[in-house]
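Encoded as structure tokens, the structure appears first; notes follow it.
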Amino acid sequence: MIKAIKPKAFPLVVALLVVMLMAGLYISFLAPKEMELGISVDHAYASVDEMKKDAELIVEGTTLSQETIRYEGVLFTASTIKVEKVLNGELQQEEITVLETGGFDGKNHLTMEHNRVMDTSDRYILFLEKYEGSVVENDAYVITGAYQGRFKVNGDQLEPAEHVSKGLDNIDSKQELLTNIK
């Protein structure tokens, strides 16, 4: 095969093979991957009404910043949310902390039921419950149903989390969700 390649093309072919090898090594060993935490929810919500009953607070807001916390061998992400609207419940402050299981550990995206934690700068409608525990010291909230109460807002469209019931997965517009909340 080497004799069939013209002498001027040989260095180009070798360089191409080296680049392909390096790309393969990067993708195989270094590129961030999604790793499932192996944790599942204990209750699947069938409807917005059911989730609304368990949520102490429902807000629309934007993720401003995040902090990754490793606690007793489990990765958590504490996100600071700028609350633009309180849709249900009472809230005095403009920013809240939302704690999620999983996150980016510098090497891999650790997920729950293939759901990554919220992305910085993205807008969400969140069904929240007050957090009780010792992972964070300040007041915080958790998403109702771990990830089920998180809807990413894209203009007038909504993107529910992965692996939710049909009753939640079929909600695709912001207006439809807001109507169900009221």
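The values are calculated or read from the model by the stated rules, or taken from the named source; none is laboratory data. Keep in mind that this is a model prediction, so the values were computed, not measured. A quick note on method: Cβ atoms are made from the backbone with ideal geometry, for glycine too, and the neighbour counts reach across all protein chains shown.
So which residues in the range 41-61 are out of contact with any Lys or Arg (no Cβ under 9 Å at 6 or more places or on another chain), under 14 Å from N88 (Cβ atoms) and of a type in the set (V, I, T)?
Of everything in the range 41-61, just one residue is out of contact with any Lys or Arg (no Cβ under 9 Å at 6 or more places or on another chain), under 14 Å from N88 (Cβ atoms) and of a type in the set (V, I, T), namely V48.
Go through the residues of the range 45-59 one by one and say whether even a single one is polar (S, T, N, Q), at pLDDT below 95 and surrounded by 11 or more Cβ atoms within 10 Å (Cβ to Cβ).
Looking for residues that are polar (S, T, N, Q), at pLDDT below 95 and surrounded by 11 or more Cβ atoms within 10 Å (Cβ to Cβ), one finds at least one in the range 45-59, hence yes.
From the list E95, E72, E84, exactly one residue is in contact with a Lys or Arg (Cβ under 6 Å, 6 or more places away or on another chain) and among the acidic types (D, E). Which is it?
Values: E72 fails: in contact with a Lys or Arg (Cβ under 6 Å, 6 or more places away or on another chain); E84 fails: in contact with a Lys or Arg (Cβ under 6 Å, 6 or more places away or on another chain).
Testing whether each residue is in contact with a Lys or Arg (Cβ under 6 Å, 6 or more places away or on another chain) and among the acidic types (D, E) leaves just E95.
Out of (1) in a helix (DSSP H, G or I); (2) surrounded by fewer than 20 Cβ atoms within 10 Å (Cβ to Cβ); (3) touching a Ser or Thr at 6+ places or on another chain (Cβ under 8 Å), what's the single condition that is false for T179?
Just one mismatch for T179, condition (3).
Scan the range 75-90 residue by residue and report those that are more than 19 Å from V153 (Cα to Cα) and surrounded by 14 or more Cβ atoms within 10 Å (Cβ to Cβ).
Those that are more than 19 Å from V153 (Cα to Cα) and surrounded by 14 or more Cβ atoms within 10 Å (Cβ to Cβ): L75, F76, T77, A78.
Of all residues being closer than 20 Å to R70 by Cα and touching a Ser or Thr at 6+ places or on another chain (Cβ under 8 Å) in the range 132-156, which is surrounded by the fewest Cβ atoms within 10 Å (Cβ to Cβ)? Just the residue, please.
Top of the filtered list is N138.
Quick one: count up the residues across the range 109-129 that are more than 13 Å from the chain's Cα centre (by Cα) and under 16 Å from F76 (Cβ atoms).
Selection size over the range 109-129: 2.
Is the range 7-14 home to any residue that is touching a Gly at 6+ places or on another chain (Cβ under 6 Å) and either modelled with pLDDT of 90 or more or in a helix (DSSP H, G or I) (or both)? So that I can check it myself, show each step before the final result.
To start, the set of residues in the range 7-14 that are touching a Gly at 6+ places or on another chain (Cβ under 6 Å) comprises none.
Looking through the range 7-14, none of the residues is touching a Gly at 6+ places or on another chain (Cβ under 6 Å) and either modelled with pLDDT of 90 or more or in a helix (DSSP H, G or I) (or both).
Which residue out of L64, L99, L110 is farther than 24 Å from G155 by Cα, in the same structural domain as R150 (by TED's automatic domain parsing) and modelled with pLDDT of 90 or more?
Criteria check complete, one pass: L99.
Matching residues to (1) among the small types (G, A, S); (2) free of Cβ contacts under 8 Å to residues at least 12 places away in the same chain; (3) assigned to a strand (DSSP E or B):
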position	(1), (2), (3)
V86	no, no, yes
Q93	no, yes, no
L99	no, no, yes
T111	no, no, yes
D119	no, no, no
I125	no, no, yes
V153	no, no, yes
L168	no, no, no
